Structure formats: structure tokens, C-alpha cells
Number of protein chains: 2
Amino acid sequence: MVHIHEFQRLMKQIYFHRDSERGIEGMFYWLVDEVKELEEAVKMQERKAMENEFADVLAWLASLANVANIDLEKAAISKYSGKCPKCKEKPCRCPSLLKKH
Amino acid sequence: MVHIHEFQRLMKQIYFHRDSERGIEGMFYWLVDEVKELEEAVKMQERKAMENEFADVLAWLASLANVANIDLEKAAISKYSGKCPKCKEKPCRCPSLLKKH
């Protein structure tokens, strides 16, 4: 079992020196690219490719958080503390499906 | 401390009934939208907004993994098991910054 915080730290240990050189705008380019690859994999319903691309999107998100100096786990549990942050219910009872979470 | 798996389960408890109705293509629309909002927040260097948007991107990613029936934590540690999956080093020693992780 891996904490969100641990995964972010692992990404820091592996990639921070490269990501700092890339710069945060260059990193967004790759994050968006990975999201597109994930969408392709989901459309194709290829399980191994999906796992691979979900891992990559999470890795770039955690790496971006490292360069932006944001604690991803803290941010996530601060906003999603056991219920929908909008309607304050679990499960969510927000009125429209067209709306975001 | 929150495991990636626990956060994904929380998203399932809060949103799975809505996300299943939305469908996975509709969910990508919102994931991409959240990535754009994150990029804006990072450009503005607004800390609270950045935390908020990092949380949202992670929430949509975990929700997508729920609908695609993928274990995000398992996928992440399977690909990033302590080192760069390409050069097999920590820190990464891949030759070009232009390349992705």
C-alpha cells in the first residue's frame, strides 16, 4: 500500500532534477500528452495500456506538484474530506450530471 | 496519511453512481478541463487555487480509474517501482530532457 505522499516523494527522487530543468510549462505539455494517451487506451479497452497510462498521468501530476511545491495528498484530503465538497454528501447528490464534481 | 487506493475508494463512494451515468468520454472532458484550470492556477502562482486544482485533477483521475475498473495504486507501483521505468535508475539518467518520463 502506497500513500499519495510516498508516491509524490518517489517521483521527486527519480525526476525532480530533470523536471526542474524542464520547467513547469514544459511539464504541462507532457501531462496533456499523457491524458491523450490515456484516452486512447480507454477507447481501445486495452487493459495493460490503460494501467500504463493511468500510472503515467499520476506520475506527471505528482511531478508537477513537486515543482509547484504542493503536497498532493494534503491538497486532496483537504478538499475531499469524506464527502462531495459541493453538496457535502456521500454519495454526491449534486443536482446536475452536466456539472463537474 | 492516505493510500492512493483509499482515495480511489473514497471517490467511488462519493461519485461512482454519477460517473457511471456520465460515461467515460464525458469524464475525459472534465479531466481535461481540470488540467486547464490547474495550468491557469500554476501560471497565476495562487497557492490555494493550485491546491484546489491539484486535488480536482487527482479526483477525476481516480474517478476515471473507477469507471475503467483500474486499480490506480497497483498500476502506479507496478510501473514506477522505485526507479525510472525507462533507464532503470534513481535518479533518472535518461539522455534527453525533451523526452517524457
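Across chain B, the relative contact order, built from alpha-carbon pairs under 8 Å that are at least six residues apart, equals 31 percent.
For residue A:90, inter-copy separations between label points set 7 Å beyond Cα along the Cβ vector come to 3.1 nm, shortest first. Among the GluC sites (Glu not before Pro) found in segment A:1-96, those both in a DSSP coil and sparsely packed, with 11 or fewer other Cβ atoms within 10 Å of their Cβ, are A:89.
Rounded to two decimals, what ratio of Rg to Rh does chain B give with C-alpha atoms and a Kirkwood Rh? Numbers along the way, then the final one.
On the way: Rg = 15.8 Å, Rh = 15.4 Å.
Radius of gyration over Kirkwood radius for chain B works out to 1.03.
Over the protein assembly as shown, the hull volume per residue, using the convex hull of the C-alpha atoms, is 103 Å³. Interface of A with B. Using a 1.4 Å probe and counting protein heavy atoms only, the two chains hide about 6500 Å² of accessible surface, both sides summed. Legend: mean number of C-beta atoms from other chains within 10 angstrom of residue C-beta atoms, peptide B:18-29, equals 3. Distances between copies of residue B:36, taken at a point 7 Å out from Cα along the Cα→Cβ vector and listed shortest first: 1.6 nm.
The values are calculated or read from the model by the stated rules, or taken from the named source; none is laboratory data. Quick caveat: nothing in here was measured; it's all calculated off a predicted structure. In this analysis, Cβ positions are derived from the backbone assuming ideal geometry, glycine residues included, and neighbour counts consider all displayed protein chains. Areas reflect the complete protein model, heavy atoms only, side chains present, ligands, DNA and RNA absent. Shrake-Rupley method; radii C 1.70, N 1.55, O 1.52, S 1.80 Å.
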